[in-house]
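Report on one structure; see the data block that follows.
The values are calculated or read from the model by the stated rules, or taken from the named source; none is laboratory data. Since this is a predicted model, take the numbers as computed values, not measurements. Cβ: placed from backbone, ideal geometry, glycine included. Neighbour counts: every protein chain shown. Just the protein is used for accessible areas: all its heavy atoms, side chains included, with ligands, DNA and RNA removed. Shrake-Rupley method; radii C 1.70, N 1.55, O 1.52, S 1.80 Å.
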Amino acid sequence: MLATQKSLIFRQCVVLFSLLWLAGCQTVPTSDTSVKPPTGKPVSEKPSTTGSVPTVPPAQPFGLLKSAQWADMPGLEKEDWVASWRAWLQGCQGLKNKADWKAVCAAALMVKAEDAAAIQAYWQQYFNVYATQQPEGAEQGLITGYYQPVLQGARQASARYRVPLYQVPTDLITVNLSGLFPELKYKRVRGRVQGQTLVPYYTRAEIEQPQSPLNGSELLWVSDPVEAFFLQVQGSGIVMLENGERVPVGYADQNGHPYQSIGKILVERGEMAASEASMQGIKTWAQQHPDQLRGLLDANPSYVFFKLLPPGLSGPLGALGVPLTAARSIAVDPFYIPLGAPVYLATTYPNDATPLQQLMQAQDTGGAIKGGVRADVYWGEGEAAGKLAGAMRQQGKLWVWLPKTFPLPH
């Protein structure tokens, strides 16, 4: 009887919590768009870009896609069909059992992987092209980048390895709002039970205090709190143990608090110019201001939990559940662009006017990757990829390729 009563009270709390959350989300403010993660990676630290987050979402998923032509995509004639094909086949491993994608993934297996002409013919035979746009009608949006960092770490705490990476704590409660409100597909709230009430989960400041409420939930230990912070921003990475073992870790969950850009905070304080608020710029600031670092990190209440990934993966696992491909996988907002879809990107390289126009695969999502024209490019692993990811923040256009039988709202 008591268990039944508690279950009922808990369900009531969940509904109340959800309604309160909804009431606070009727108007979506312009916010920082640089972060990920979401499910899979989060991204490199960058200040917000005004107008990059839509304020009036469409009534239905994919409702802003509009029919386009192959000739609309600049640079398509220069596409490396063989290189992009490998990423598509990877994506089909996560799509082949889904009704809307099963037929096209089966047909892809019949195409010779080194035959560029056959690959191009496949796309035109089975797919239609759709241009993306923002709710207000803008055809351009923010394009950022992310990567897989490599950190030094250990399985046990020590004087050198004193910064924990936490696994998902057992008291974290996740509520999928689509079960209560179908129109809120992809929306979740997180919290913990306190007595008979569902309350917000611990913030970063609460988690990272000396007597952390998460003691006992450590997954691994690393040496640098700033690198650990940016591992959370990226959403996945490699922890190198002293014996040379590579331990891949990936995004498992998040504490439910909104991400606050520490780069934006430093710019607002006058500590650095907006052009300097890259990941590298923030790391330099941290080295110069060690006494202020804890307060700066705590200003971002969002916190990411990790899980161990299988060894030997070709890349980090994205939200689609397949390894990402460097310079061919992107994170998108799955409300506007179907997860797994091929997406043609037209932008420029970071800090460079050289066009970046090529076919990508929407294989990941991110907590701050929001909007109809919004993408986060996965650049790969290590320092060189990190420099590209940290510098990428420019405008671009997207075209989504969907199977000719894919159902779209009318």
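Ordering Thr348, Val373, Pro407 by the projection of their Cα atoms onto the charge dipole of segment 314-410, which places +1 on the Cβ of Lys and Arg and -1 on the Cβ of Asp and Glu, puts Pro407 at the extreme positive end. Over segment 255-336, the alpha carbon radius of gyration divided by the compact-protein estimate 2.2 N^0.38 Å works out to 1.41.
Over all distinct alpha-carbon pairs, what is the Kirkwood Rh of segment 94-240 in angstrom?
Answer for segment 94-240: a Kirkwood hydrodynamic radius of 20.5 Å.
Taking segment 321-362 and a reference point 7 angstrom along Cα→Cβ of Lys78, the backbone N atoms nearer than 15 Å belong to 345-350, 352-359.
Computing FRET efficiency as 1/(1 + (r/R0)^6) for His257 and Gln156, where r is the C-beta to C-beta distance and R0 is 41 Å, gives about 0.90.
Residues in segment 381-393 carry Karplus couplings, in order, of 10, x, 5, 4, 5, x, 5, 5, 4, x, 9, 7, 6 Hz; the curve used is 6.51 cos²θ - 1.76 cosθ + 1.60 with θ = phi - 60°, and Gly or Pro positions show x.
Taking each residue as 0.36 nm, the span from Lys66 to Thr405 lengthens on full extension beyond its C-alpha to C-alpha distance by 120.5 nm. Using the 1.4 Å probe convention, the accessible area of segment 56-190 works out to 53 Å² per residue with neighbouring protein chains retained. Normalised size of segment 313-357, defined as Cα radius of gyration per 2.2 N^0.38 Å with N residues, equals 1.32.
Along the positive direction of the dipole of segment 111-222 (beta-carbon charges: Lys, Arg +1; Asp, Glu -1; about the Cα centre), which of Thr144, Gln156, Pro169 reaches farthest? About the Cα centre, the residue reaching furthest to the positive side is Gln156.
Net length available on complete extension from Gln288 to Ser275 is 2.9 nm, with 0.36 nm assigned per residue and the Cα-Cα distance removed. When the solvent-accessible area of segment 142-245 is split by element, carbon and sulfur atoms take up 47 percent of it, the probe being 1.4 Å.
In segment 360-408, what is the volume of the convex hull around the alpha carbon atoms, normalised per residue and reported in Å³? It would help to have the intermediate numbers written out before the result.
Numbers: hull volume 5.4 nm³, N = 49.
Cα-based convex hull of segment 360-408, divided per residue, equals 110 Å³.
Surface analysis of segment 272-410 yields an accessible area of 36 Å² per residue, using protein heavy atoms and a 1.4 Å probe.
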